[in-house]
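*Asks:* Sharing a structure here in structure tokens format.
Here, each number is a calculation from the coordinates, and none is a lab measurement. Here the structure is a predicted model, which is why all the values come from computation and not from measurement. Using ideal geometry, Cβ is built from the backbone for each residue, glycine included, and neighbour counts are taken over all protein chains shown.
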Amino acid sequence: MPEEIYAPVSGVVKDITSSTDDVFAQKILGDGILVEPNSDYIYSPVSGTVQGLQQTLHALTIKTDAGNNLLLHCGIDTVEMNGKPFKSFVKNGDHVDVGDKLLRMNRKEVTDAGHSDEILMIFPETSKKIEKQEKDKEASSRQIIAEIG
């Protein structure tokens, strides 16, 4: 049975190939989805266990209850900001449900520093098919935007 993937933030859903970062755009880390956010709060797009929350808070992975790995990456080159525009509401080992608040990213700080504020969801190491909704379409946070499986 396919796993539903929800928008982690309100914004415009795009294909990962439109990322401003070639590593993501070329799917080097895996296929995924990009959201151009219109909100600072990022919610869990799946139910699962938080793993790999980076010290700089710009990225985390979630091992979904269905067994998929999801990398949630906030902004491009935001690792260079050493966590300044981020606040985390979770820690490694926490179980989250769809819609639980994960992070706050101050988009103004990110863009004022010259970085893209795009939110990326990548599914590394999967050969499963990702069925995505129409691209360039507005989505609200916690709305289904894809299925994997």
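*Asks:* Pairs please, first residue from the range 77-104 and within 12 Å of VAL50 (Cβ to Cβ), second anywhere and of a type in the set (Asp, Glu), Cβ atoms under 8 Å, 6+ apart in sequence or on different chains.
*Replies:* PHE89/ASP100; VAL90/ASP100
*Asks:* Quick one: which of ALA139, ALA59 is under 19 Å from SER19 (Cα atoms), crowded, with 17+ Cβ neighbours inside 10 Å and free of Cβ contacts under 8 Å to residues at least 24 places away in the same chain?
*Replies:* On the way: ALA139 fails: free of Cβ contacts under 8 Å to residues at least 24 places away in the same chain.
Answer to the check: ALA59.
*Asks:* Further, regarding this structure: Residue pairs, Cβ under 7 Å, 6 or more apart or interchain, first in the range 16-41 and on the phi > 0 side of the Ramachandran plot and of a type in the set (Val, Ile, Thr), second surrounded by 15 or more Cβ atoms within 10 Å (Cβ to Cβ) and part of a helix (DSSP H, G or I). List them.
*Replies:* Close Cβ pairs satisfying both conditions: none exist.
*Asks:* Additional query: Determine which member of the set ASP40, ASP31 is under 18 Å from GLU109 (Cα atoms), surrounded by fewer than 23 Cβ atoms within 10 Å (Cβ to Cβ) and not small (Gly, Ala, Ser).
*Replies:* Numbers: ASP31 fails: under 18 Å from GLU109 (Cα atoms).
The match here is ASP40.
*Asks:* Here is a further query. For the range 1-86, which strands (runs of 3 or more DSSP E) that fit wholly inside it have 1 or more residues that are closer than 16 Å to LEU102 by Cβ and over 13 Å from the mean Cα position of the chain (by Cα)? It would help to see each step written out before you state the result.
*Replies:* Working: elements: 3-6, 11-15, 31-37, 41-43, 48-51, 59-64, 69-74.
So the answer is 48-51, 59-64.
*Asks:* Could you tell me which numbered condition LEU103 fails, if it satisfies all but one of (1) within 12 Å of the chain's Cα centre (by Cα); (2) under 21 Å from SER127 (Cα atoms)?
*Replies:* (2)
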